[in-house]
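Below is one structure, written out as structure tokens; comments come after it.
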């Protein structure tokens, strides 16, 4: 096992799938799709059963990259405050070479005729703390183009030419592997916010229709996209193996929110409808896999609560570097658990979800809740026993549900009160 006192910094590859609930992976009991590479990482590493994101991508990404609940720094959907510091900034300051590849979508999200005051606002990739980038959707939203077949991709300020016949996730992954090879002799941090498995649901290079009509959209291609996501992750693992870096690299895989609502997948004998955008487990409970060869225990399923604010303090503890003391950070490191120790697990998770303002988000509204592994309380007073009422169909009114419900309400109400 790698010594925790080693002076050599540990590399990090953090991969985040787009619109992928836990039910899609075989290691969580999913039976609809083949995910052998992620299943192998879970079998030789750790799988977390109670990892939570926010219901939509930008809220999760902002919280994850800054380690702060959204009420502290939220501006608008698809907008990232340019005055904020990301985990790229923090790890670069800790001596890491940093790379981001995949989906950006944190600058000028609205089209020209919708809330134009947000046009040209947000953070640009070259301000984000990453030394190098290879990204889709870096400019105004109407310029974003395809993320899949014949993609529009910007690398370090220049748009790629001649992407005809190519597939975006192949380009993102190849860039990561090239970065790893070039920086194998120094500590590196790679953040891969994937394009997969977000719609449009289109053929992958492994689909039978790829050569026929690669721009065709149909939700039946979602399964192909899940499996291709697993394939490109396997390429990164293979590169780390080839370079002999697995024992000094922490691999993390996370989901930014639940699966699309138009998709139904099988979890054992159950049919699970995706819940992207919903505050239930279907929209917020996501896969989290950690694999650090020779360090993380093998085949362990951890029941600790994890939320997306926890990544920054975990990575900073790994880098043996302190976060600034003059700022408030909300996450809690789960690094001890990766060493097989008990650590200091959370007793609750808090969520502040308000994706407004933003194009296409008019049906949303502010939701705030606190939960543990059994109970969930919204700030409007609705309490649910989420172990038995996963879809939150049976609210428990104050004074009902017995002593356990009363105790849970009191505990979670204190959390909500703290966060005003």
Estimated FRET transfer efficiency when R0 is 41 angstrom, pair residue 339-residue 269 (beta carbons, to 0.05): 0.70
Peptides 242-248, 284-290 ordered by average Cβ neighbours within 10 Å, highest first: 284-290, 242-248
Which labelled figure in [x] 25.9; [y] 20.0; [z] 21.6 is mean projected area of the Cα convex hull in nm², once derived from the coordinates: [y]
For the stretch 44-112, the fraction of alpha-carbon pairs in successive 5 Å shells from zero, as %: 3, 14, 21, 22, 18, 14, 5, 2, 0, 0
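What FRET efficiency comes out for residue 159 versus residue 73 if R0 is 41 angstrom and r is the Cβ-Cβ distance? Round to the nearest 0.05. Let's see the in-between values first.
Working: r = 30 Å, r/R0 = 0.72.
Efficiency for this residue pair is about 0.90.
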Inter-site label distance for residue 44 and residue 215 at 7 Å from Cα along Cβ, in nm: 4.1 nm
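Could you please tell me the mean projected area of the C-alpha convex hull for the stretch 248-349, averaged over all directions and given in square nanometres to one decimal? Kindly include the intermediate steps, with their values, before the conclusion.
Working: hull surface 32.7 nm².
Mean projected area for the stretch 248-349: 8.2 nm², to one decimal.
How would you classify the stretch 1-106 from its alpha-carbon gyration tensor, with a ≥ b ≥ c the square roots of the eigenvalues: rounded for a/c under 1.5, else prolate if a/b is greater than b/c, otherwise oblate?
Working: a/c = 2.19, a/b = 1.16, b/c = 1.90.
Taking the square roots of the gyration eigenvalues as a ≥ b ≥ c, the stretch 1-106 is oblate.
Let me have the relative contact order for the chain, percent, based on Cα pairs under 8 Å that are six or more residues apart.
Values: 952 pairs, mean separation 102.6, N = 420.
Taking the mean separation of contacting Cα pairs over the length of the chain, I get 24 percent.
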Pair residue 404, residue 117: separation of 7 Å Cα→Cβ label points (nm): 4.8 nm
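Taking the DSSP beta bridges in the chain as the whole, what percent of them are antiparallel, to the nearest 5?
Details: 33 of 60 bridges.
Roughly 55 percent of the DSSP beta bridges within the chain come out antiparallel.
So how do 29-42, 117-130 stack up, highest first, on mean other-Cβ count within 10 Å? Write down the numbers at each step before the final one.
Details: 29-42: 19.6, 117-130: 18.1.
Packing order, densest peptide first, comes out as 29-42, 117-130.
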Most to least packed among 22-28, 381-387 [average Cβ atoms within 10 Å]: 22-28, 381-387
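FYI, it's all coordinate maths here, none of it is from the lab. Treat the numbers as computed from the prediction; the structure is a model and nothing was measured. Every residue, glycine among them, receives a Cβ derived from its backbone with ideal geometry; neighbour counts consider all protein chains shown.
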